[in-house]
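The values are calculated or read from the model by the stated rules, or taken from the named source; none is laboratory data. These numbers come from a predicted model, not from an experiment. Don't worry about glycine lacking a Cβ; one is built from the backbone with ideal geometry, like all the others, and counts go over all protein chains shown.
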Amino acid sequence: MNTLRRAYDDKPLKPVSRLTGLGHIFIGDQESLSSYEFINQNKITRIINCAGTHCMNQFAGEGVVYLTFYLLDMDNSLFLDESNNYSNLFKLVEFLDKGEQNCENILIGSVLGKSRSMLVTASYLMYKYRLSAQIAIDICSQSRRTRMRSAFEAQLKDFESKNMYQKLTPELAISEFAMRNTHFNRIFRIDTSVQSSSTGLKIQIHDSIRDITVYKENIEVINQQTEKEDEEQSSEILKPIRQITPGPQAKNILKWRSCSPFIGG
């Protein structure tokens, strides 16, 4: 069994998590998708519903803009479909980029906030930030403390082989570097000093940086070190969900669940 996958086994899955490196994006489950308090208090104005067959767009009339995908929690469910020229991916990138430009908070959700929402999120990270499939998978796994279906990871790795990435611009290069830096700092627990003075040195970023391989022999130790930090961050995010006290305008909304009892990711 994969070491990282084993490290996450038997850990309770949280309703919602912030995406590492992109604080305006949340990955969540049916509870976060249907919580008026969570949507309102975190100023979520865009939602990507990855499980449209099982989850309804509950707040469409409440000022929330939706993008819906009808993925199934099955190995043969395709998001990155070459036969339709990856239209899902380009709709996703356009939707997320518009939200980022408008400084909006965005929720990417599915029934469990697991396989489907992680597949969609990782696809965006790969295309937008020119990340390898493995790094995109690891970022999503760190954020959600779980792994997506192996078949979905294989789908991402197959897409990587197509070498399709967004055109690199100076602005995107900075964002790409920041995303990688956040990821590797978290992996290796690198501390930085605000007292360090500028060296005046310049660096050249090459695409070959995506070939960096992170060895995970000690991933269990790394996870234990970050567990407390994750719990502290999650407690604030989850407060609106755990302590729901519906107000007059939320009572009717919360009587109805947005998702069916279908079990899936």
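Residues to consider are Phe69, Phe79, Phe95; find the one that is in contact with a Gly (Cβ under 7 Å, 6 or more places away or on another chain) and aromatic (Phe, Trp, Tyr). Explain how you work it out, then say what you get.
On the way: Phe79 fails: in contact with a Gly (Cβ under 7 Å, 6 or more places away or on another chain); Phe95 fails: in contact with a Gly (Cβ under 7 Å, 6 or more places away or on another chain).
Result: Phe69 is the single residue among Phe69, Phe79, Phe95 that is in contact with a Gly (Cβ under 7 Å, 6 or more places away or on another chain) and aromatic (Phe, Trp, Tyr).
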Subset of the range 137-158 that is basic (Lys, Arg) and not in a helix (DSSP H, G or I) - its residue that is surrounded by the most Cβ atoms within 10 Å (Cβ to Cβ): Arg147
Filter result for Tyr86 (touching a Phe, Trp or Tyr at 6+ places or on another chain (Cβ under 7 Å) and surrounded by fewer than 24 Cβ atoms within 10 Å (Cβ to Cβ)): no
Residue among Leu78, Leu92 that is in contact with a Phe, Trp or Tyr (Cβ under 6 Å, 6 or more places away or on another chain) and either buried (at least 23 other Cβ atoms within 10 Å of the Cβ) or of a type in the set (A, V, I, L, M, F, W, C) (or both): Leu92
Near pairs, Cβ below 6 angstrom, 6+ apart or cross-chain, from the range 53-71 (under 21 Å from Asn102 (Cα atoms) and exposed (fewer than 15 other Cβ atoms within 10 Å of the Cβ)) to any residue that is modelled with pLDDT of 95 or more and of a type outside the set (Gly, Ala, Ser): Ala60/Tyr66
Counted residues, the range 48-80 - those being at pLDDT below 95 and under 16 Å from Phe159 (Cα atoms): 0
Filter result for Asp9 (modelled with pLDDT of 95 or more and acidic (Asp, Glu)): no
Selection count, the range 113-129, where residues are surrounded by fewer than 24 Cβ atoms within 10 Å (Cβ to Cβ) and outside any helix (DSSP H, G or I): 1
Failed criterion for Gln134 (all others in (1) within 17 Å of the chain's Cα centre (by Cα); (2) surrounded by 22 or more Cβ atoms within 10 Å (Cβ to Cβ) hold): (2)
